[in-house]
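**Q** Once you've had a glance at the structure underneath, I'll fire off some questions.
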């Protein structure tokens, strides 16, 4: 199908298709962060990205598909885990990364907008859950290594430990409104380590198995 | 000011004003739970509650005020804490109450709708935070009693322990999509106890002081 409007921009590695995707996803991220999920509109995004409307409709079809693709792209682009050599250090690095993301004006607003949309849109919820599955999986080896070093009980549910690091920070942002500062991040990491050491996250627990 | 429409319903303790409030708040809760925040409309709620539109506009003025009043009413009506005699038992009761609320079809949907609205409306966010302040305060004595019994370090931030019980359950509902079952509740309580015992929630930490 012919493009109704020529694509504006320089050629980047990955070619035209990758460039169109990057431009449209960036525009979608901008709208999410500044105006919210309800203001996303494929025709408007095509205009903002300088991309043909037909291209955008053909590629994504719906706003929900586009947001799912944005989350997939963010999962791919996300920072790799930090390995410090200790569980305390690794989980503190994880907590501080989550804290910085949630308090970053653009990223924080973007996540809040997507989380809000996910409460009433199953497609967006599925994309969100898949984003966090990727992110949790990225950090799981820190816990596995701590088990190998003998720092944690052998049957520790590694995924549950990583979730425990993030949970207090998301709770503050979304629910209680308490500050999400570096102290809160460090406390979240320390609490997760203490709970894991005491055997509070056994992999035999129902919720743990169900969430693998 | 005269009522344009007579109020339908039986007289209940608290009189006509209390009855109107109860009827309108129930209608607002119904709409929030089934259709979401975006569908709240004062004239529609007056009709659903069988109350004069003028009464509703005069009493609440805006949807945000009405939702704030709904949350205040929910905080007043909420169940008191359970005292089991041990920190483990008390926090498990707290976690299971949160778990039942979040998985209840009406209550769970209602909280998700308000939390989503709070991400983009500061007035609703303030009402939400105030709801959770009341609920956290209700359960804080469990931690204080555990400190007095010598179960926890003397400088434990009691509010932070209560937040730690809820956080993993809200994280599952809103963020990761993992199941919020009784096992998840019990694990959240056990992890909070273990972290508190190890001294992970000192009241001297910055975030703790700032959030009193």
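Taken together, the values in this text are just the output of simple stated rules run on the coordinates, not laboratory data. Model, not experiment: these values are computed from the prediction. Note that each Cβ is placed from the backbone with ideal geometry, even for glycine, and that neighbours are counted across all protein chains shown.
**Q** If you wrap a convex hull around the Cα atoms of segment B:15-74, how much volume per residue is inside, in Å³? If you can, show how the numbers build up before the last one.
**A** Values: hull volume 4.1 nm³, N = 60.
Cα-based convex hull of segment B:15-74, divided per residue, equals 69 Å³.
**Q** What distance in nm separates the simple spin-label points at residue A:134 and residue A:154, each placed 7 Å from Cα in the Cβ direction?
**A** About 3.5 nm separates the two model spin labels.
**Q** If you don't mind, another one. Give the whole-number value, in cubic angstrom per residue, of the convex hull volume spanned by the C-alpha atoms of the protein assembly as shown. Each step should come with its number before you reach the end.
**A** Values: hull volume 69.8 nm³, N = 424.
Per residue, the Cα convex hull of the protein assembly as shown comes to 165 Å³.
**Q** Quick one: check the C-alpha center-to-center distance for segment A:29-62 versus segment A:68-88, whole angstrom.
**A** 25
**Q** Helix A:15-34 against the longest principal axis of chain A: what's the angle in degrees, Cα atoms only, rounded to the nearest 10?
**A** Roughly 70 degrees between the two axes.
**Q** Helix B:122-148 versus the longest principal axis of chain B: what is the Cα-based angle in degrees, 0 to 90, to the nearest 10?
**A** Tilt relative to chain B: about 40 degrees.
**Q** Considering every residue in B:103-112, what mean count of other chain Cβ atoms within 10 Å of its Cβ is obtained? Intermediate values should be presented prior to the final figure.
**A** On the way: counts 0, 0, 0, 0, 0, 0, 2, 0, 2, 4.
Other-chain Cβ atoms within 10 Å of each residue's Cβ, averaged: 1.
**Q** Between helix A:182-197 and chain A, what is the angle of the helix's C-alpha long axis to the longest principal axis, kept within 0 to 90° and rounded to the nearest 10?
**A** 50
**Q** Follow-up. How shielded is A:123-131 by partner chains, expressed as the average number of their Cβ atoms within 10 Å of its Cβ atoms? Show your work: numbers first, answer last.
**A** Details: counts 0, 0, 2, 1, 0, 4, 5, 1, 2.
Averaged over the peptide's residues, the number is 2.
**Q** With the contact rule set at Cα under 8 Å and sequence spacing of 6 or more, what percent relative contact order holds for segment A:130-212?
**A** On the way: 69 pairs, mean separation 27.9, N = 83.
This gives 34 percent for segment A:130-212.
**Q** While we're here: Bin width 10 Å, alpha-carbon pairs only: give the P(r) of chain B as whole percents, running from 0 to the bin holding the largest distance.
**A** Going out from 0 Å in 10 Å bins, chain B shows 8, 30, 30, 19, 10, 3, 0 percent.
**Q** Something else: Once every DSSP H run of n ≥ 4 in the protein assembly as shown is given -39500 (n - 2.57) and the sum is divided by its residues, what mean residue ellipticity at 222 nm do you get, rounded to the nearest 500 deg cm²/dmol?
**A** Values: 20 runs with 288 residues, N = 424.
So the calculated ellipticity at 222 nm is -22000 deg cm²/dmol.
**Q** How many Cβ atoms of partner chains, on average, are near each residue of A:157-164 if near means within 10 Å of its Cβ? Don't skip to the answer; put the middle values down first.
**A** Details: counts 1, 0, 2, 5, 1, 1, 8, 9.
Partner Cβ neighbours, averaged per residue: 3.
**Q** Then there's this: Shortest first, in nm, what separates the label point of residue A:41 from those of the same position in the other copies (7 Å along Cα→Cβ)?
**A** 2.0
**Q** Compute the label-point distances linking residue A:134 to its equivalents in the other copies; points lie 7 Å from Cα along Cα→Cβ; give nm, one decimal, shortest first.
**A** List, nearest first: 4.1 nm.
**Q** Remind me, relative contact order of chain B in percent, using alpha carbon pairs under 8 angstrom and six or more residues apart?
**A** Averaging sequence separation for qualifying contacts and normalising by length gives 20 percent for chain B.
**Q** Using the 7 Å Cα-to-Cβ label point, sort the distances from residue B:105 to its equivalents in the other copies shortest first and give them in nm to one decimal.
**A** Those label-point separations list as 4.5 nm.
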